[in-house]
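Take a look at the structure set out below.
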Amino acid sequence: MITIRGLKKEYPNITPLRNVNAEISKGDVISVIGPSGTGKSTLLRCINRLETPTSGDILIDGENVCDKKADLSRLRRKMGMVFQSFNLFGHMSIIENLMCAPMDLLGKSKTQAYERGMELLQTVGLAAKADSFPDELSGGQKQRVAIARALAMEPEILLFDEPTSALDPTMVGEVLSVIKRLADDGMTMLIVTHEMNFAKNVSNRVFYMDEGIIYEDGTPQQIFENPQNEKTRIFIKQLKVLSEIINQKNFDFPAINSRLEVFGRRQMMSQKQIYRMQLVFEEVVLQKLIHKGSIGEIRMDIEHSEREGSVNMIFEYNGEKYDLLGDEEELAVITLKGIAESIEYKYEGKKNHLILSI
Amino acid sequence: MKIIKKVMCFLLPVVVGLTLVGCAKRITDVSQLAGQKIRVRTVSALEAVTDEFIDNAQKEHREPFTDTEKSEIIDISQLNGRSIGVITGTVFDVMIDDAFENVRKEYFESYPDLIIALKQGKVSAFLTDEPVARLLCFEQDGIRYLEKYVSRDDYAFMFPKTENGAALRDCFNEFLAEIRANGTLNQIEDIWFGGGESVKNVTYPVSPDGAETLQFITNSDAAPFCYVKNEKIVGYDIDILCRFCEKYGYGLEISDAAMASLIPALVTGKADLAAGCIAVTEERAESVYFSDANYEGGVVAVVADENTAGDQLGFFEGLKESFYKNFIKENRWKILLSGLGITVLISVCSGIFGAVLGFGVCMLRRSQNKILGGIAAVYIRIMQGTPILVFLMILYYVIFGKSDISPVIVAIIGFSVNFSAYVSEIMRTGIEAVDKGQNEAALALGYTKTQSFFKIVFPQAARHFLPVIKGEFISLVKMTSIVGYITIQDLTKASDIIRSRTYEAFFPLIVTAVIYFVISWLLTVALSRIEIRLDPKKRQGQRKAAD
């Protein structure tokens, strides 16, 4: 239904879309997730040409939107758009908001437009507000009206640009349930969202966008439970990462120790957790690896998942296979085993990997 | 009681204040007469103004204005070192420098203003031509003129310095010589410089079809040479001119302008000839041709006369008399009425055309094309930076100088252009105040850019900018009061004409102010209705109220 090929959008000092390729079929409910500033909204706005792509093609039912001669108004009628900031027409009542475009553009009679409008308001639960004005409605109500307004044009696909980001947390639910109902009815939708649970439960596909491309495209199960890419995993788990590289024997131990503390504080870890982290660092690097000598470069990554409250410490070092936990009698090993919930060791690609969860 | 009227006219606010004080004072005075106390309290504030009190008030308030010497002026030499009033653009300006030493000149636009200033002591004297002075002093109490001429002068008609102008002048000179020889000129003088109002009349020439029409320009506040009577411009000069046209088969079209505009009108070809008590000077002769003198006279000084006793009229009788004189006599209200029509015509047309033009300029200003946007920006800058009066005069005397276009149309063009510059900027601000998302939402629904602008953006912008434009329009209405400069008889000019006949400031000015207020108010109401129509909530509110 929609084919995106080599889409690129460049601004003078930023390139939000580098090379986007995607295929959207009828009935797809696609959630677009990813860190802010990675072109999710730009992608949506390029699809209905509110932004003009720098290069690339977007085919809608075979017609290229990027063609200069494209009849944009007609193509846009196939795509309903729901904005983060609702954008209801302030000078019209709610029902007029729903009636104006079908009457002006689809040639519907006033009665037809009114009846369809009221029907749609009924489905979003706002029939009682038909004669109100946008500024008399709450954010959640406005967004539901905006969805109804988009539906009034009988579009083939609905594009949602962060539909709940401007809403009070208490109003997010009402909007999401309307979108879920549409998904259940088989509406084709492309939803840019930060609501991970919603993306997981409602969509059949998820686009993870980063670095100006669709970094990972898969079912919610794939993306959320078994992300293929490191970046995706960090984003999905909402990990915060600290990396340190130690490459000489006389490294600045107190400096790294204090960076660990700062990182821990910033991540709102408990003092106990920070202490444990520092202890693991000291035991592994100072007591074992440096002590052994001729290890070369040691890389330490600390990942903190806010959601799960877990801290993973990953050590990566060169050299021949060396499992430092081998000597079970040693004090350092006993200490480490006491602190860590789990310890994993593997030797891969001529590198030692040690993962401790605390 | 004449004094009351005068003071009321010129010092109304002060006197009303003082009147109340005086009233209180009087009540204290009579409080000894216990029996009458109650009666006195019921006397209205105005009736309580006694003669002595007014005299006191007058003395108190004349002092700041009076010149150094209090002695009565009997000779022109006494005027040295004082302030003398002069009408802008008249020959007296130069004459004062020659005839007096160390005087301060105060510039005025018309005789009524001068006379009022003289009576109030703001100037010690003003110079004018003897026949004018004679008539002024005949009609006005409280002024007199000094018999001795300040200078002798000849008065003549002016013609443009072109071939046609010279031909017309020669023809006119021939005519003048003829009527001087057969005594007609003396008869005309007797009619206009005498007191009999009933014989002072002119018959405008009826030109045969296809005859050339002379464009004549004059300043109508130079009675008896040239003034407005029964909504018609009449006078000594006009009488001669009409007879000339009649004899030579010319049609005649008279326009009325400020003294300072006469020569420019001739130079730019707006008029074929000009007159109205114009003295022959070398300076003027450099720009125009003069005919032979049609009147030889002199310039005299008019001074205030404190000894003349006016007819003793009561306060209300005085007001009644004044009202009659200003509005009823010679159907003067009709001048106001037609002036009002012109003012409304110019305001409404300029308002409509200006708004339409302003919208166009606004569109250009917002256009993607940098050149068009730049042109619009420059246009706006220039229009906002040019005083409307100067712009109007440039339009009339320079741009349309050679064309035969009605001054009313010039005024409408001028005000439309000026108004459009302001409207376009106000509209632009209003349009930019509409959230971008509104346009995007409309585009996303499938509206074209144009549809989205007119259907979604503009109506919302209108709600922002209409109240501002309303204010701007009201100020436009008031600004039209300057069109008198390009010979249009609008409301302000109408009141000037009345003042130039009655030499009273109170009624013509107050009534004019009230009329302007009423026009502005009515137009505000009309615009507010449009505003309500554009505001869906108010509209709905009204609908609900109606149900």
Please find the FRET efficiency linking B:GLN384 to B:LEU337, where r is the Cβ-Cβ separation and R0 is fixed at 35 Å, and quote it to the nearest 0.05. 0.55
Given the -39500 (n - 2.57) contribution per DSSP H run of 4+ residues, what per-residue ellipticity at 222 nm results for chain A, rounded to the nearest 500 deg cm²/dmol? -10500 deg cm²/dmol
With the crude spin-label approximation of a point 7 Å out along Cα→Cβ, what separation in nm comes out for B:VAL199 versus B:ASP141? 2.8
Rounded to 5, the percent of DSSP beta bridges in chain A classed as antiparallel: 75
Placing +1 on the Cβ of each Lys and Arg and -1 on the Cβ of each Asp and Glu in the protein assembly as shown, which of A:ALA130, B:ILE388, B:ILE409 has its Cα farthest towards the positive end of the resulting dipole? A:ALA130
What spacing in nm lies between the two simple spin-label points modelled at B:THR450 and B:GLU212, each 7 Å away from Cα in the Cβ direction? 5.2
Arrange the peptides B:153-163, A:344-354, B:120-130 so that the one whose residues have, on average, the most other Cβ atoms within 10 Å appears first. B:120-130, B:153-163, A:344-354
Enter the Cα centre distance for the pair segment B:328-401 and segment A:93-129, rounded to the nearest angstrom. 44
Have a look at A:LYS231, A:LYS292, A:LYS110 and tell me which one the Gaussian network model of chain A (Cα, springs below 10 Å) gives the largest fluctuation. A:LYS292
A chain fully extended from B:LYS478 to B:GLU231 at 0.36 nm per residue, minus the present Cα-Cα distance, gains in nm 86.6 nm
Along segment B:140-149, what does the Karplus equation 6.51 cos²θ - 1.76 cosθ + 1.60 (θ = phi - 60°) give for ³J(HN,Hα), rounded to whole Hz, x for Gly and Pro? 10, 7, x, 9, 8, 10, 7, 4, 5, 5
With an 8 Å Cα cut-off and a minimum separation of 6 or more residues, compute the relative contact order for segment B:76-153 in percent. 34
Theoretical FRET efficiency, 1/(1+(r/R0)^6), r = Cβ-Cβ of A:ALA166 and A:LEU331, R0 45 Å, to 0.05: 0.20
Among A:VAL285, B:VAL398, rank each residue by its count of other Cβ atoms within 10 Å, from fewest to most, as a rough exposure measure. B:VAL398, A:VAL285
Roughly how many whole Å is it from the C-alpha centroid of segment A:205-257 to that of segment B:403-448? 55
Cα-based reach from B:LYS232 at 18 Å (exclusive), listing lysines while leaving out same-chain residues under 8 positions away: B:LYS200, B:LYS325, B:LYS329, B:LYS334, B:LYS493
Report, by chain and number, residues whose modeled amide H sits under 5 Å from the one on B:SER255, excluding near sequence neighbours (fewer than 5 apart, same chain). B:PHE216, B:ILE217, B:THR218
Highest to lowest packing among B:501-508, B:82-89, B:489-496, scored as the average C-beta count within 10 Å: B:489-496, B:501-508, B:82-89
Please work out the C-alpha center-to-center distance from segment B:462-525 to segment B:187-211 and express it in whole Å. 33
In the protein assembly as shown, taking the dipole from +1 charges on Lys and Arg beta carbons and -1 charges on Asp and Glu beta carbons about the Cα centre, the listed residue (B:VAL91, A:THR188, B:VAL361) farthest towards the positive end is A:THR188
Give me the distance in nm between label points sitting 7 Å out from Cα along the Cα-to-Cβ direction at A:ALA255 and B:ILE394, one decimal. 7.1
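FYI, it's all coordinate maths here, none of it is from the lab. Because the structure is a prediction, the values reported are computed rather than measured. We place every Cβ from the backbone using ideal geometry, glycine too, and count neighbours over all the protein chains shown.
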